[in-house]
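Trainee: Below is the structure I would like to discuss, written out as C-alpha cells.
The values are calculated or read from the model by the stated rules, or taken from the named source; none is laboratory data. These numbers were taken from a predicted model, which means no experiment stands behind them. All Cβ positions, glycine included, derive from the backbone under ideal geometry; neighbour counts span all protein chains shown. For the accessible areas, the whole protein counts, side chains as well, though only heavy atoms, and no ligand, DNA or RNA atoms are used. Shrake-Rupley method; radii C 1.70, N 1.55, O 1.52, S 1.80 Å.
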Amino acid sequence: MIGAGIKRGTAELAILSVLEEESLHGYEIAKRIERQTKGALHFTLAALYPMLYRMEKNRWIQGNWEISGNGRRRRCYRLTSQGKKKLLPIRREWAELFQALRRLTKVSDA
Amino acid sequence: MPSWKGLIRERLGALDFAAERREEILDELADHLEQVCEERRTQGLSEFDAMRSALDEVEDWRELAQRIRFAKEGEGSMINQIRRLWLPGAASLTASIGWLILAEPGYWAWFIAQPLFGVLGAYLSWRAGGDRLTQLAAGFLFPAVVMGYPGIQGLAMWATFSVGEFVQTNLLHQPIHFSPISHAGLLDPRLMGFSRFMLLLTQFVLPSLVLLLGAALPFFKTQKVQET
C-alpha cells in the first residue's frame, strides 16, 4: 500500500515535470502523464484537480483561461518560476529514493 | 450530449466560493469530463456507457468538493474551523437547549427531538464544507458534552473518592470516611453509584446516541444517492 505522502509526492513530480515541457490544460496533463508513464500513473478528475488547485495556491503553477484551436475556452496551466525552483529538489529527492531502493533490492537479491 | 456542468453542479453540491470562481471550477471540470466521455466514445462505448465511465472518474463527489475547498482555501484556517465546526456545533447545542427551556417539552419529547438537532449541526457543517468527521462532531459532540458534563464530572469525582478510599484503607491502613459528603448526601459513592449510572444513561448516553444518529443521517442519504 502506497502511503498518501508518497502518492502526493509522485503526483507533484509528475505534474510539474509535464508542465515543464509546455502549458497544458487539465485533461491534457492527465493524458500526457498516462502516456509518458505507459499507463503506470493514471490521474482521474478527482485526483487531478484538487492537486492542481493546491499547487496553484502554492504558486508553483498558474492557470489561465485560453481559447483552444477548436474554439473551446480552457484553463491552461503553466509552470511558474517558483514551480521550477520546487521541481529541482523534488527530482533530486526522488532520484535519491529510487537509488536507495535499488541498492536495497540488490542487497536483498544477492 | 448531457449538460456536464449541470451534472457536476448537482453532484458537487454547495461549493462555497464566490459565484464567478464557482462557475470557473464547474466549467473546468465539465470540460474535463466531456473530453473523457468523447475519448470513451472513440473507444467504441455507447453514449450512455461513455457517460457513466466519465462520471466514474469521481468516486465520492462530496469528498471531491471538500478537497477542492481545502486546496483553494487551505485546510487549517481558523475561519474555516469556526464555520465548519464551532458555529454549527453551537447552533446544534443552542437548538437543543432552547427546545428544552422554551418549549418545556418533557423528557421524552426532548429526547425524541435530539436527532433533529444532530442533523442541524451536521447539515450546517456540510454547508460550510466540513468533512464527515467535522459534520459528526458539529452535530453530536457539542450537545453531548454539555449534557454529559454533570454526569462525567460526578463519575470522575466518584472514581477519585473510591480510589482514595481504597488506597487509604488497604494500602495506608488509615481508613477514611466521607462523613461531610455523606451528610451532605451528594457524592457518597455507596449511595450514588446507581443514580449516577441512571443519570449518565438518561441524560448523556441515550440522548448522545440519538444525536449521533441524527448527525449520521446525511451520510446514509449520500450513500443512497451514490448507489443510484
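Trainee: Could you work out what % of the accessible surface of the range B:33-80 is carbon and sulfur, using a 1.4 angstrom probe and leaving DNA, RNA and ligands out of the count? Could the numbers behind the result be given before it?
Mentor: Details: 1210 of 2520 Å².
Here it works out to 48 percent.
Trainee: Another question about this same structure. Using only Cα atoms and rounding to the nearest 10 degrees, what angle (0 to 90) does helix A:4-21 make with the longest principal axis of chain A?
Mentor: In chain A, helix A:4-21 runs at an angle near 50 degrees to the longest axis.
Trainee: Which value at 222 nm does chain A reach when only helices count, each DSSP H run of 4 or more adding -39,500 (n - 2.57), with the total divided by all residues and rounded to the nearest 500 deg cm²/dmol?
Mentor: Rounded to the nearest 500, the figure is -22000 deg cm²/dmol.
Trainee: Now, a different point. So for the range B:47-120, Kirkwood radius off the Cα pairs, Stokes-Einstein at 37 °C and 0.692 mPa s: how many µm² s⁻¹?
Mentor: 209 µm²/s
Trainee: Picking from B:Gln66, B:Leu7, B:Gln81, whose Cα lies most toward the positive end of the charge dipole for the range B:1-85 (charges on Cβ: Lys, Arg +1; Asp, Glu -1)?
Mentor: B:Gln81
Trainee: Right, something else. Given bins 10 angstrom wide, list per bin the percent of all Cα-Cα distances in the range B:1-101, short to long.
Mentor: Histogram of Cα-Cα distances, whole percents per bin: 13, 34, 25, 16, 8, 3, 0.
Trainee: Using a 1.4 angstrom probe and counting only protein chains, how large is the accessible area of A:Glu96 in Å², to 10?
Mentor: Number for this one is 110 Å².
Trainee: Given 10 Å bins starting at zero, what is the percent of C-alpha pairs of chain A in each, up to the one with the largest pair distance?
Mentor: All Cα pairs considered, the percentages come to 13, 42, 30, 10, 3, 1.
Trainee: Moving on. Relative to the longest principal Cα axis of chain A, at what angle does helix A:26-36 sit, 0 to 90 degrees, rounded to 10?
Mentor: The angle comes out near 40 degrees.
Trainee: Still on this model: When only the heavy atoms of the protein chains count and the probe is 1.4 Å, how do A:Trp65, B:Trp110 rank by accessible area, highest first?
Mentor: Largest accessible area first, the list is A:Trp65, B:Trp110.
Trainee: Determine, from the Cβ-Cβ distance of A:Asn70 and B:Ile79 and an R0 of 35 Å, the FRET efficiency 1/(1 + (r/R0)^6), rounded to the nearest 0.05.
Mentor: According to the calculation, E is roughly 0.25.
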